[in-house]
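The values are calculated or read from the model by the stated rules, or taken from the named source; none is laboratory data. Computed from a predicted model, the values in this text were never measured in an experiment. Positions of Cβ are generated from backbone atoms using ideal geometry, with glycine treated the same way; all protein chains shown enter the neighbour counts. SASA here: full protein model, heavy atoms, side chains in, ligands and nucleic acids out. Shrake-Rupley method; radii C 1.70, N 1.55, O 1.52, S 1.80 Å.
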Amino acid sequence: MYTQLDIETHFDGKLKIAYLNQPDTMNALTKPSLGDLKDFIKECNEDDTVRCVAISGRGRAFCSGQNLDDAFVQGNEHHDNDIIRKIVVDYYNPLVTEITHCKKPVVALVNGPAVGAGAMLALICDFVLAVDKSYFAQAFSNIGLIPDTGGTYFLPKLLGRQLANYLAFTGKKLSAEEAKSYGLVAEVFNEEEFAPKSMEILERMSNMPTVAIKLTKKAFAHSYNNTLKEQLELEGDLQQEAAQTEDFKEGVSAFLQKRKPDYKGK
């Protein structure tokens with residue numbers, strides 16, 4: 001079904017991992033891979049069995065950004081001067097929307113370099129787990145472009161104006177540990193620990209109360225524009241919605257009975 005992705009399923013279907021699978025180009029993004037990834041996220045979002053989603057890369061890189069041959073050779077036979085805008089609007093923006101609106105946690109497993117749109121693909125996920133040899137670079141300015149893939153929206157919010165400007169203007173590479181110190185990465189593991197430790201976290205996420213996570217994501221998203229009063233009102237509404245789930249009842253019962261909860265994601 002997917003021509004550019006390698007899909008793995010774990011934990012009785014509760015976890016799905018999409019691996020960008022073009023290692024010869026360091027998983028550079030093409031129109032087919034962007035379309036496949038968008039469709040993958042959409043399908044996971046609509047599948048009640050799936051409780052956690054992850055994105056990673058095959059080979060030595062997570063993602064090297066846009067494949068320029070795909071943009072300017074295969075996609076520009078007629079010398080279309082509007083090609084960049086069309087790629088952003090038709091391929092990148094729908095993918096960003098699917099990831100950021102996904103009802104399930106979306107985790108980036110950064111197994112190697114993440115550059116340009118590849119760095120932003122990781123950073124728009126709900127959180128990032130990275131191997132210590134990886135790095136992140138906002139390389140757009142190196143070829144005379146601006147950050148896309150949600151970069152101009154998320155970078156100032158993640159980093160503040162000063163650091164967002166600095167990284168976007170200079171294209172400076174951040175090691176995984178530096179990125180963690182800036183709040184861009186949640187955990188960094190050495191190469192031997194990366195796979196098992198990441199899977200431990202993904203298994204935990206796959207067994208969490210999924211509706212509560214969805215509602216938390218919704219509350220955080222609204223906080224960017226809400227006043228404090230509006231956000232407090234939203235918290236009350238969403239908390240009431242969470243309290244009506246089966247998982248809330250199970251969580252309370254497990255707490256009172258001093259046992260591990262068995263959440264169903266409902």
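Per-residue answers, yes or no, for (1) under 23 Å from residue 51 (Cβ atoms); (2) open to solvent by less than 100 Å² (accessible area, probe 1.4 Å); (3) in the same structural domain as residue 49 (by the TED database); (4) in contact with a strand residue (DSSP E or B) (Cβ under 9 Å, 6 or more places away or on another chain):
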{"residue": "228", "(1), (2), (3), (4)": "no, no, no, no"}
{"residue": "238", "(1), (2), (3), (4)": "yes, yes, no, no"}
{"residue": "243", "(1), (2), (3), (4)": "yes, yes, no, no"}
{"residue": "264", "(1), (2), (3), (4)": "yes, no, no, no"}
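When segment 26-51 is filtered for residues that are touching a residue at least 40 places away in the same chain (Cβ under 8 Å), under 24 Å from residue 207 (Cα atoms) and open to solvent by less than 10 Å² (accessible area, probe 1.4 Å), the ones remaining, listed by number, are 37, 41, 44, 50.
Restricting attention to segment 181-209 and to residues that are open to solvent by less than 50 Å² (accessible area, probe 1.4 Å) and polar (S, T, N, Q), the residue that is nearest to residue 246 (Cα to Cα) turns out to be 206.
Residue count for segment 133-167 under the criterion of being in a loop (DSSP other than H, G, I, E, B) and either farther than 17 Å from residue 99 by Cα or not assigned by the TED database to the domain that holds residue 183 (or both): the result is 8.
When segment 168-179 is filtered for residues that are among the aliphatic types (A, V, I, L, M) and assigned to a helix (DSSP H, G or I), the ones remaining, listed by number, are 168, 176, 179. Per the conditions (1) outside any loop (DSSP other than H, G, I, E, B); (2) at pLDDT below 95; (3) within 22 Å of residue 13 (Cα to Cα), the sole criterion not satisfied by residue 196 is (2). Considered as a group, the residues in segment 163-180 that are in contact with a Ser or Thr (Cβ under 7 Å, 6 or more places away or on another chain) and either of a type in the set (Phe, Trp, Tyr) or touching a residue at least 40 places away in the same chain (Cβ under 8 Å) (or both) include one that is least open to solvent (accessible area, probe 1.4 Å), and that residue is 176.
Consider segment 1-25 and keep the residues that are without any contact (Cβ under 8 Å) to a residue 12 or more places away in the chain and in contact with a strand residue (DSSP E or B) (Cβ under 7 Å, 6 or more places away or on another chain). The one that is farthest from residue 122 (Cα to Cα) is 9.
Selection of segment 200-238 for residues being without any contact (Cβ under 8 Å) to a residue 12 or more places away in the chain, among the basic types (Lys, Arg) and under 25 Å from residue 250 (Cβ atoms) yields only 204.
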